[in-house]
Amino acid sequence: MLRLRQISLVCALAVIALLTGCRLDMHVQPRQNPLSRSDFFADQRSERPPVEGTVARGQLHDDTYFYTGRIGSTPGDYMPFPVTKEVLERGRERYNIYCAPCHSRVGDGNGFIPSRGFARKPPSFHDQRLQKAQLGYFYDVMTNGFGIMPDYASQISPQDRWKIVAYIRALQLSQNATRADVPAGQAVPSQPPLFHGQPGSGATLPIIDTKTSSNSEEHK
Ligand code: HEC
C-alpha cells in the first residue's frame, strides 16, 4: 500500500516538473536573426546603420599625411616622425624582407625575382628621378602599388612603411655620398672590418669585431 503511494507521488512530481518546464516565455524572447526582415522599421532592415560619423576603433585616420603620404594630391617630403637609429634599423629589416627580393639590398633594381623572369625589372632608386622623389611618393607606391608592382598596404603597417621610406633615403645617400659627407676622423675608404672565427656562410652572419672599427687614419 505504502509502495503504491510512493509511486504515485513520484509520478505526480514528474508531471508537475514537465508542465512547469513548458513555460517558454523567458526562453524564446523576441529577437531578429542576422540580416532578417523587420516590419518594425520603415526600411524593413533589422540591422540598424551606425550613428552617422561613427568610427571603428583604431580606424580614425585623422592624420591624413601619415596614412597617405600626400598633402592634398601631391606627395609631401617630410617624415611624420623623427628618424632615429632604431627607425632606420627597423626600416632596413622590413626593406630587406619585402622590397629587396625585387629591388635588391642596395636598391639598384637587380633583385633575385626580376633575374628569374619577373615581368619587369624595377627602376634603380639611384636614378636621378627617384633620387629627387619626395618621401611621400615612396610611401604612396607602397600603399597603392605602382604599375605591375603590387601594393604592400596589408602586409606592412603604416608605421613600418614610413620606416622603409627613411631607409630608402639612407640607401640613396649611401650610393651617392661624397667625401664631404664623411665625418672628420673617419678614414676613406673605411677600414675593412675584422671578423671573429668562421666567416659567414650565407645562412649565418659573420661576427664583426666592433672595437677595431675606431679608425686611426685621419680623413684626408
Ligand atoms: C615583386 C617584385 C617587387 C617587390 C617585392 C617590390 N617592388 Fe617596387 N617595383 C617593382 C617593379 C617591377 C617596379 C616597376 C613597376 C612598373 O614600372 O610597372 C617597381 C617600382 C617601384 C618604385 C618606383 C616607382 C616609379 O616611380 O618608378 C618604387 C619607389 C618601389 N617600387 C618601391 C618598393 C618598395 C618600397 C618595396 C617594398 C615594400 C617594393 N617596391 C617591393 C617590383 C617590386
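Here, each number is a calculation from the coordinates, and none is a lab measurement. Since we're looking at a predicted model, the values are computed, not measured. Note that each Cβ is placed from the backbone with ideal geometry, even for glycine, and that neighbours are counted across all protein chains shown.
Summary table
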read-out: Other-chain or far-sequence residues with amide H under 5 Å of residue 45's (modelled H); value: 38
read-out: Amide H partners (placed H, <5 Å) of residue 194, local residues excluded; value: 209
read-out: Fraction of the pair-distance distribution of the chain above 24 Å, Cα-Cα pairs, percent; value: 67
read-out: Under Karplus coefficients 6.51, -1.76 and 1.60, residue-wise ³J(HN,Hα) of region 130-147 in Hz, glycine/proline x; value: 7, 4, 8, 4, 5, 4, x, 5, 5, 4, 5, 4, 5, 6, 10, x, 8, x
read-out: Cα shape, region 89-220, gyration tensor, a/c 1.5 rule; value: prolate
read-out: Amide H contacts under 5 Å for residue 109, placed H, 5+ residues apart; value: 104, 125
read-out: For 121, 163, order by how many other beta-carbon atoms lie within 10 Å, fewest first; value: 121, 163
read-out: Residue 26 paired with residue 174, simple spin-label distance in nm, labels 7 Å along Cα-to-beta-carbon; value: 6.9
read-out: Projected label distance in nm at residue 41 and residue 88, using a 7 Å step from Cα toward the beta-carbon; value: 5.5
read-out: Point-charge dipole on Cβ atoms (K/R +1, D/E -1) for the chain, about Cα centre, debye to 20; value: 760
read-out: Dipole moment magnitude, nearest 20 debye, region 113-152 about Cα centre, only Lys, Arg, Asp, Glu C-beta charged; value: 200
read-out: Shape call, region 118-167: gyration tensor on alpha carbons, a/c limit 1.5; value: oblate
read-out: Mean Cα-pair separation over length for the chain, i.e. relative contact order, pairs under 8 Å, 6 or more apart, %; value: 15
